1. Going through the range 415-434 one residue at a time, which ones are surrounded by 13 or more Cβ atoms within 10 Å (Cβ to Cβ) and within 17 Å of E348 (Cβ to Cβ)?
2. Looking at the range 425-435, can you tell me whether even one residue there is free of Cβ contacts under 8 Å to residues at least 60 places away in the same chain, within 24 Å of A127 (Cβ to Cβ) and aliphatic (A, V, I, L, M)?
3. Where in the range 127-197 are there helices (runs of 4 or more DSSP H), lying fully within it, with 2 or more residues that are within 26 Å of the chain's Cα centre (by Cα)?
4. Restricting attention to the range 262-285, report how many residues are surrounded by 21 or more Cβ atoms within 10 Å (Cβ to Cβ) and among the aromatic types (F, W, Y).
5. Within the range 358-372, does at least one residue satisfy the condition of being touching a helix residue (DSSP H, G or I) at 6+ places or on another chain (Cβ under 7 Å), among the charged types (D, E, K, R), surrounded by fewer than 16 Cβ atoms within 10 Å (Cβ to Cβ) and under 23 Å from S263 (Cβ atoms)?
6. Would you point out the residue of the range 188-202, among those that are out of contact with any Asp or Glu (no Cβ under 9 Å at 6 or more places or on another chain) and crowded, with 20+ Cβ neighbours inside 10 Å, that is nearest to E136 (Cα to Cα)?
7. When you look at R137, is it out of contact with any strand residue (DSSP E or B) (no Cβ under 9 Å at 6 or more places or on another chain) and either modelled with pLDDT of 90 or more or open to solvent by less than 10 Å² (accessible area, probe 1.4 Å) (or both), yes or no?
Amino acid sequence: MAELRLEQKLALKQILTPQLIQTLNLLLLPRLELEEAIKLEIEENPFLEVKEEEVQEKPDNVETTLADWRRFFDGMRLFPSVRDEIDKSELEEEEREPIIPEVKSLFEYLAEQIELVFDSEREKTIALEIIGNLDERGFLSIDTSEIAESLAKKGVEPPVTNEELELCRKHVMKLDPPGLGAKDIRESFLAQLEAKELSDTLAYEIVRDHFDLLINKNFSALKKKLDITDDELFIAISDLRGLSFSPALDYGKPEISIVPDISFEKLDGEWVVIYNKSNIPPLNINKSYLELLRKEKELDERARVFLRDKLERAKAWVKALIQREETILRLGKEILARQLDFFEKGVEHLKPMTMEDVAKSIGVHTSTIHRIVKGKYAQTPFGVFPLKFFFSRGYVSQSGEEVSAKAIKEKIRELINSEDKKIPLSDEEISNLLKELGFKIARRTVAKYRESMGIPPARFRKEIV
């Protein structure tokens, strides 16, 4: 029989505290989701209140140590906050001016998601063709074989298979708004329920297996077939409320807009990064409830546990919002330092910059950069761009200058826009012209970039007089 005994062991472990988890969760949230999360938390947590002061300070009675957060990011060393480097009066004036969000068409909105979701250029091309053939309600009413033929005419090789098309269509149905690209209402409903994480519910089963009874409102037959009560049916119908019969038409009600998280602006001849605080109120700990907790001897155990839990959660929220702002500002500062030519001169001067490079520079893992940039946008002199836009691999020109892949694409677009439409440029000719400009780009790379921009090959660009 094995002997039982007590032993002491020394081991290193990484433990994520609730506060650290909250910091990471808020860091990853896209802007609009963050605004909704803040509203909900203020309603549910009595310890949280909106500060009246415009300048956010670290609140009293809240532990201000950020040791856990700093350990997680493994000694991140970044630039100081931009707000400490410029005149406060200028900032106060700037913050009162609203940032006008860029409103996207449904196609543009979906195309941006495709760029982020799909891995290969071939898949992106197929997905773009699919969303380009959606009807006014957002359904794919044409046969997929017609899409395959259209892609073949545009020079996509090898020919796209039905399996590839179907796989891409399934991914398109998961984009926002969900259900687009479905072949019928039933399929769209299933996709919308999956997006709401209701795939294991009675509502999903009804749509999947008994859609005809649902559409005909034959509730008595539904109850009999599924052996369910009125209450269970009521819950299922409640889950189905809000599903869209026309996801494309509902897109603009209200219009989906993009609100930048940061803006790059030139103040007094110096470029700065400004964090957009609109609709993100500074939070503080409610002193009245804090005083109540100090009299915990007068409270019963249940009340003490509840108040302590809410206080810890409130502390985590206050610290997490501060850290979210600092982290995004620091990443913005790194982008500004590396892409200054872009902000001064435009897209053609975008330099190669990979997430691996930035991660190494600021001392974090590459996956952390991936998570930070996801769903976040920046206002620039040339429009609103996703933060991911600034990252791309590139080439070294014959003069030794580094040029990003996006800048090369812009050159290809310019050459095609200025070509003689009666004798359009072939990919080989574009490759040769780029070499004359100092960029050694192979023909197959030109073809790949052209396809990724949705530009057809020369034979389909030719105008017949």
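The values are calculated or read from the model by the stated rules, or taken from the named source; none is laboratory data. Note that the coordinates shown come from a computational prediction; the quantities given were computed from them, not determined experimentally. We place every Cβ from the backbone using ideal geometry, glycine too, and count neighbours over all the protein chains shown. Note: accessible area is taken over every heavy atom of the protein model, side chains too, but ligands, DNA and RNA are not part of it. Shrake-Rupley method; radii C 1.70, N 1.55, O 1.52, S 1.80 Å.
1. Hits for the range 415-434 are L415, I416, I430, L433, L434.
2. Within the range 425-435 (the criterion being free of Cβ contacts under 8 Å to residues at least 60 places away in the same chain, within 24 Å of A127 (Cβ to Cβ) and aliphatic (A, V, I, L, M)), the answer is no, since none of the residues qualifies.
3. 162-172, 185-195
4. Final tally of qualifying residues: 1.
5. Checked the range 358-372: at least one residue is touching a helix residue (DSSP H, G or I) at 6+ places or on another chain (Cβ under 7 Å), among the charged types (D, E, K, R), surrounded by fewer than 16 Cβ atoms within 10 Å (Cβ to Cβ) and under 23 Å from S263 (Cβ atoms).
6. Only one residue fits best here, namely S188.
7. no
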